[in-house]
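Read-outs: derived from the displayed coordinates by stated rules, not from any lab. As the structure is a prediction and not an experimental result, all values here were calculated from the model. FYI the Cβ positions are ideal-geometry reconstructions off the backbone, even for glycines, and counts take in every protein chain you see.
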Amino acid sequence: MQEFEKKNFAAALRAAFEVENKPLPSQEALRIWWTLLSPFSLEQVRIALSQHLAESRFAPTPSDVISRLPKQSDGYPGTDEAWAIALRGADERESCITLPEIIEALSIARPVLDGGDEIGARMAFREAYGRLIHIAHADHRRPKWFASLGRDVGMREAVVMEGVRAGRICIADARALVPALAAPEGDARPEVAEQGRARLRELVASLPSTSEKIARAAAARTQREREATLAAKARAQKLTDERQAALATVR
């Protein structure tokens with residue numbers, strides 16, 4: 001956010017506290033809010049506030065808002081996506097594109113998961129993964145994605161192709177992982193080499209263009225904002241109805 005947006009930021013925060021029927025924080029507290037949230041855009045902060053109001057009965061704190069702000073800059077997936085990847089990796093039949101941090105966090109949660117307590121395992125995983133990502137951030141490490149191939153050979157190509165589409169592995173790695181994308185080593189027959197090149201061209205052609213990625217991201221952002229706004233309005237209306245009902249009872 002820019003300096004000239006401070007008033008709009010304060011207005012958004014005031015509205016959020018009014019919905020929860022709480023007073024606005026002091027000026028000193030507002031300065032802390034601004035320091036913590038200024039790296040993000042005003043639009044992102046408004047969306048995060050709306051999401052919090054839709055999901056919580058309490059007035060927001062800076063950490064509540066930050067937890068709902070995008071973390072795309074570091075390249076690491078959020079804990080929920082990481083847990084979904086971990087569950088796929090836990091099945092030896094499944095292939096997945098994963099991270100060392102996900103593997104390590106899963107190893108910590110695995111005894112609980114094997115004991116049949118998936119909720120407890122998820123909690124253990126979230127705690128371990130969050131700690132490992134914090135260390136990665138402190139070390140300024142970028143995510144190092146790699147393919148963990150399962151026994152189901154038929155699913156490997158789809159997983160590898162999706163990894164390329166997501167920008168998590170490069171095409172050269174895809175060719176090394178999926179033999180169908182390249183000619184077998186030592187096979188110099190032109191028709192075999194052409195088959196590999198054709199599959200590779202098909203893979204590249206299936207990747208979305210930059211404009212398509214931007215359009216999809218914009219559409220998804222608009223949809224999230226619309227849903228968060230509607231949910232916040234519904235919650236505000238519910239609180240208003242409850243207060244009016246309470247007042248009517250007192251009268």
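A few notes on this one:
- Listed residue pairs exceeding 31 Å between alpha carbons, taken from 144/233; 6/144; 6/233: 144/233; 6/144
- The range 111-144-the range 28-81 distance, computed between alpha-carbon centres (Å): 21 Å
- Potential lengthening between residue 28 and residue 131 on full extension [0.36 nm per residue; Cα-Cα distance subtracted]: 34.1 nm
- Among the chymotrypsin sites (Phe, Trp or Tyr not before Pro) in the range 71-170, none is located in a DSSP loop while being surrounded by at most 13 other Cβ atoms within 10 Å of its own Cβ.
- Stretching the chain fully between residue 35 and residue 90 yields a gain of 15.7 nm (0.36 nm per residue, less the alpha carbon separation).
- Radius, Kirkwood style, for the range 75-152 when every pair of distinct Cα atoms is counted (Å): 12.6 Å
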